[in-house]
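Q: Before I ask anything, here is the structure I am working with.
The values are calculated or read from the model by the stated rules, or taken from the named source; none is laboratory data. In this text, all values refer to a predicted model and were calculated from it rather than measured experimentally. Glycine gets a Cβ as well: all are built from the backbone with ideal geometry, and neighbour counts include every protein chain shown. The protein model used for the area step is the full one, side chains on, heavy atoms only, and it has no ligands, DNA or RNA in it. Shrake-Rupley method; radii C 1.70, N 1.55, O 1.52, S 1.80 Å.
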Amino acid sequence: MQVKIINEKLGQVINLLFDLPLKGKQSRHRSKCIKALDERLKEVAEQEQELLKEHCHLDEEGNPKIKNNGQEWDV
């Protein structure tokens, strides 16, 4: 079976799975699934930071600048 999850929904899916009351074998499978989703979430966050550094104006430390009180990136 193949399940497709939109990248922006990964955190919500992890929380949903974490809150399910499962026992035994099902709980172990849930843990494996949460671990895989968490790794993918970290990968997506790293890719987002790379894109921001590539396309945004950078500050003195090399981080993307934020404008409008933290609401937008300075692209």
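Q: Taking the criterion of being modelled with pLDDT under 85 and assigned to a loop (DSSP other than H, G, I, E, B), would at least one residue in region 4-11 satisfy it?
A: No, region 4-11 contains no residue that is modelled with pLDDT under 85 and assigned to a loop (DSSP other than H, G, I, E, B).
Q: Considering every residue within region 52-68, establish whether at least one is in a helix (DSSP H, G or I) and loosely packed, with under 12 Cβ neighbours inside 10 Å.
A: Looking for residues that are in a helix (DSSP H, G or I) and loosely packed, with under 12 Cβ neighbours inside 10 Å, one finds at least one in region 52-68, hence yes.
Q: Something else: Given Leu10, Leu22, which one is on the phi < 0 side of the Ramachandran plot, surrounded by 12 or more Cβ atoms within 10 Å (Cβ to Cβ) and touching a residue at least 12 places away in the same chain (Cβ under 8 Å)?
A: So the residue among Leu10, Leu22 that is on the phi < 0 side of the Ramachandran plot, surrounded by 12 or more Cβ atoms within 10 Å (Cβ to Cβ) and touching a residue at least 12 places away in the same chain (Cβ under 8 Å) is Leu10.
Q: Please state which of the following conditions Asn15 fails to meet, knowing it meets all the rest: (1) of a type outside the set (D, E, K, R); (2) open to solvent by 60 Å² or more (accessible area, probe 1.4 Å); (3) in contact with a helix residue (DSSP H, G or I) (Cβ under 9 Å, 6 or more places away or on another chain).
A: (3)
Q: Would you point out which residue out of Arg28, Arg40 is open to solvent by less than 100 Å² (accessible area, probe 1.4 Å) and of a type in the set (D, E, K, R)?
A: Arg40 is the lone residue from the list that is open to solvent by less than 100 Å² (accessible area, probe 1.4 Å) and of a type in the set (D, E, K, R).
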